[in-house]
Amino acid sequence: MAETILIREAEWDDRNDLVRLLCELVSGEPDFRPDASRLEFGIQRMLDAPETRTIFVAQELGRIVGMCAGQLLLSTAEGGCVLLVEDFIVEESFRGRGIGRRLMEAVEAWGTTRGAKRFQLLTDRNNKTALRFYRNLGWRRTQLTYLFRYPD
């Protein structure tokens, strides 16, 4: 069924659907608070730098049903760029159709063509479904712990 899904790079006109998906994504994360105006600003910044940032969408019959973003970061450890994959979501009713795999493949291919030496992402350590999905795609856990704080 995934063959009816178009995977393409996002455009500014997709922003309402992207905000909707991001609100769904972060609503289940205790570390983040959904704020549509901040999300829209972030989407604009992502789309304004296509040489180092991208968002891919999965579209069926004109409806955006999934997304996955990626951006290049410089890694001194790798001696070059790495691809940070984030904002990855497929609407629940569309899961299990290969859409997530295709979105991830698109973002990884984008990073590869730009010389990314490693792919990395963050996910909730208690999200067993996501962890299994990533493991099936060849991703592995690390010993690193992600920390963050907001500036004063």
Additional length obtainable on full extension of the chain from ARG141 to GLU86, 0.36 nm per residue less Cα span: 18.2 nm
Longest segment of the chain with no GluC sites (Glu not before Pro) in a DSSP loop having at most 13 other Cβ atoms within 10 Å? 79-152
Please identify the helices of the chain, taking whole runs of DSSP H, that span at least 18 Å along their own axis as judged from the Cα atoms and have a mean Kyte-Doolittle score of -0.5 or higher. 99-113
Pairs of alpha-carbon atoms within less than 8 angstrom and 6+ residues apart define the contacts here; what relative contact order does the chain have, in percent? 20
Of the options ASN127, GLN59, LEU84, report the single residue whose Cα projects farthest towards the positive end of the charge dipole of the range 52-152 (beta-carbon charges: Lys, Arg +1; Asp, Glu -1). ASN127
In nanometres, what is the gap between the two model label sites at LEU61 and ASN126, each 7 Å from Cα along Cα-to-Cβ? 3.7
About its Cα centre, how strong a charge dipole does the range 1-117 have in debye, to the nearest 20, once Lys and Arg get +1 and Asp and Glu get -1 at the Cβ? 180
Residues of the range 8-37 with backbone nitrogen within less than 16 Å of a virtual label 7 Å along the Cα-to-Cβ line of TYR150, please, listed as ranges. 27, 29-37
Taking every alpha carbon pair in the range 7-55, what does the distance histogram look like in 10 angstrom bins from 0, in percent? 26, 53, 21, 0
Alpha-carbon Debye profile of the chain, log10 I(q)/I(0) at 0.16 Å⁻¹: -0.95
Per-residue ellipticity at 222 nm attributable to helices in the chain (runs of n ≥ 4 DSSP H, -39500 (n - 2.57) apiece, nearest 500 deg cm²/dmol) works out to -10000 deg cm²/dmol
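Coordinate-derived values only; no laboratory data. Keep in mind the model is a prediction, meaning the values are calculated, not measured. Cβ coordinates were reconstructed from backbone atoms using ideal geometry, including for glycine residues, and neighbour counts include every protein chain displayed.
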